[in-house]
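Peer 1: I am attaching a structure below and will ask some questions about it afterwards.
The values are calculated or read from the model by the stated rules, or taken from the named source; none is laboratory data. Computed from a predicted structure; not experimentally measured. All Cβ positions, even for glycine, are placed from backbone atoms using ideal geometry, and neighbour counts span all protein chains on display.
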Amino acid sequence: MQQPCATEASDKNTVAPAHAAAGGQAPLRFAIVMPVYNHGASVGKVLEDILAAVPVGLIIAVDDGSRDATGQVLDQLAQQTGKQPGGDRLKVVRHAVNRGKGAALETGFAAALAAGCSHAVTIDADGQHLVTDMMNLLAVAAEHPEDLIIGDRQMDQAHVPARSRRGRDMSRFWLWLQTGQDVPDSQCGLRVYPLQYTTRLRHRFKRFDFETETLVRHAWAGLTIRSTPITCIYFPPETRVTHFRPVRDTLRGVRLNVMLTTSRIVVPWTPHKLKHAAPPPNIANSPTAKLRWWSRRGLHALWQHLLHEGTHNAEIAAALGIGVLIGVIPLYGLQTLLAIYVAEKLHLNSPVCVLGTQVALPPLMPFWLLVNTQVGYLLLHGALVPWHPAVWRAHPWTTAREFIAPLALGSLIVGIAAGTATVIASRMLLARYRPAKGDLSCSPEIMQTPAQS
């Protein structure tokens with residue numbers, strides 16, 4: 001029997017208020033989707049709290065190949081729920097083997113859409129999210145039905161592990177780099193997805209990296225990601241249930257960010273829009289960027305912008321590092337244009353990126369050519385280049401062809417190393433001289449300035 005979604009609300013105990021968009025569109029219908037994997041000790045309490053607080057609406061628990069008592073807990077709770085007034089509100093969907101959190105979410109989205117729901121609110125099974133916070137997100141979703149709503153855990157507290165804050169900040173920066181949208185907590189699992197758009201997006205990754213990829217896909221499709229504060233709950237390590245594997249899942253995250261950033265740079269056209277959305281907020285398109293920065297007035301405005309206004313340290317460091325990377329690669333004559341193009345695609349400060357390419361000024365070109373060739377030759381042949389002038393005079397073109405591959409490989413390796421070193425050094429210097437500008441949230445342009453596609 002098809003399960004009904006929540007459509008009406010007379011008080012705070014329902015899933016969300018009914019909402020009819022302008023133009024006579026159908027009312028919003030919400031379902032709760034919970035991916036579950038070996039959460040037998042916690043999932044029962046979480047579902048009981050939801051069932052008690054939300055007396056109507058469909059709850060979809062996706063058992064992603066659990067090997068503990070999760071299956072029995074879900075079956076027992078579903079049986080009890082079926083005997084209560086209102087019918088079978090708890091629907092259990094199973095994967096025969098563990099396929100990952102992303103795959104479980106997609107299965108839940110498909111079931112919610114098949115049940116006639118317009119939105120899915122996702123909540124983790126470990127008990128780290130409050131039902132009251134879930135209700136607040138649904139209220140925001142009712143006001144902004146075409147946006148993806150995500151919780152913003154207030155992590156500036158002593159009990160939150162420092163590594164969790166660092167991971168959040170790093171993910172926040174990469175997401176801003178790839179989309180131009182500032183999402184303070186892109187790793188939060190408490191979200192509300194607009195299913196008419198989410199189910200039309202193509203995702204490549206199906207585990208923890210799905211939750212980051214889908215934010216980027218939504219932003220590239222022209223959708224707004226809207227954050228709302230929620231409570232941050234961290235259990236003691238001995239009671240915490242987590243399936244995050246630090247090494248493997250971190251490497252997956254690196255792979256994801258490299259792929260998304262490269263795709264953003266390489267693909268020159270604007271990604272296909274799923275809807276006519278307002279441009280997302282963007283930090284790069286500030287009033288200063290409109291000036292001719294090589295003019296006297298533009299240089300003065302740039303200086304004020306960099307030192308005293310909204311541009312944050314992460315943007316300056318990233319722009320400078322990417323400029324150095326481009327400068328080291330021997331694409332002479334194209335480096336400035338390439339720097340401007342990449343800066344615009346990654347929402348960086350174009351003048352600062354161009355400034356970084358100046359490491360390849362004509363007096364330094366021979367140095368970089370020599371270093372790049374030597375590094376590439378060493379990697380390919382296990383030895384340094386034999387520099388014999390007589391060989392070059394006797395076979396100039398043959399020798400040049402022999403060194404093209406080492407030069408290309410070496411310039412990429414040296415460029416990445418030099419760019420990374422520049423980012424680290426500039427972040428350290430900027431943190432010393434501009435400590436108040438280190439966070440993305442320091443820049444007012446993030447939420448005020450519209451972006452360009």
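Rundown of residues vs (1) assigned by TED's automatic domain parsing to the domain that holds Val43; (2) buried (at least 17 other Cβ atoms within 10 Å of the Cβ); (3) in contact with a Gly (Cβ under 8 Å, 6 or more places away or on another chain); (4) at pLDDT below 75, yes/no style:
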| site | (1), (2), (3), (4) |
| --- | --- |
| Ala221 | yes, yes, no, no |
| Ile230 | yes, yes, yes, no |
| Glu238 | yes, no, no, yes |
| Arg248 | yes, no, no, yes |
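Peer 1: Which one is nearest to Leu137 (Cα to Cα) among residues in segment 25-68 that are in contact with a Lys or Arg (Cβ under 9 Å, 6 or more places away or on another chain) and assigned to a helix (DSSP H, G or I)?
Peer 2: Ala53
Condition check ((1) modelled with pLDDT under 90; (2) assigned by TED's automatic domain parsing to the domain that holds Ala125; (3) of a type in the set (S, T, N, Q)) across all residues:
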position	(1), (2), (3)
Trp176	yes, yes, no
Thr179	yes, yes, yes
Arg191	no, yes, no
Lys206	yes, yes, no
Arg226	no, yes, no
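Peer 1: Examine segment 165-185 for a residue that is surrounded by fewer than 17 Cβ atoms within 10 Å (Cβ to Cβ) and over 13 Å from the mean Cα position of the chain (by Cα), and state whether such a residue exists.
Peer 2: Yes, segment 165-185 contains a residue that is surrounded by fewer than 17 Cβ atoms within 10 Å (Cβ to Cβ) and over 13 Å from the mean Cα position of the chain (by Cα).
Peer 1: Please verify whether Gly71 is under 22 Å from Ala110 (Cα atoms) and not in a strand (DSSP E or B), treating the condition exactly as stated.
Peer 2: Taking the combined requirement at face value, the residue satisfies it.
Peer 1: Then there is this: Could you check how many residues of segment 90-125 are within 21 Å of the chain's Cα centre (by Cα) and part of a helix (DSSP H, G or I)?
Peer 2: The qualifying residues number 7.
Peer 1: I've got another one for you. From Leu355, Leu379, which residue is part of a helix (DSSP H, G or I), farther than 19 Å from Gly327 by Cα and modelled with pLDDT of 85 or more?
Peer 2: So the residue among Leu355, Leu379 that is part of a helix (DSSP H, G or I), farther than 19 Å from Gly327 by Cα and modelled with pLDDT of 85 or more is Leu379.
Peer 1: Starting from segment 39-61, keep only residues that are over 17 Å from Val92 (Cβ atoms), then list their pairs with residues that are among the small types (Gly, Ala, Ser) whose Cβ atoms are within a distance under 7 Å, requiring at least 6 positions of separation or different chains.
Peer 2: Between residues of segment 39-61 that are over 17 Å from Val92 (Cβ atoms) and residues that are among the small types (Gly, Ala, Ser), the close pairs are Val56/Ala6; Val56/Gly86.
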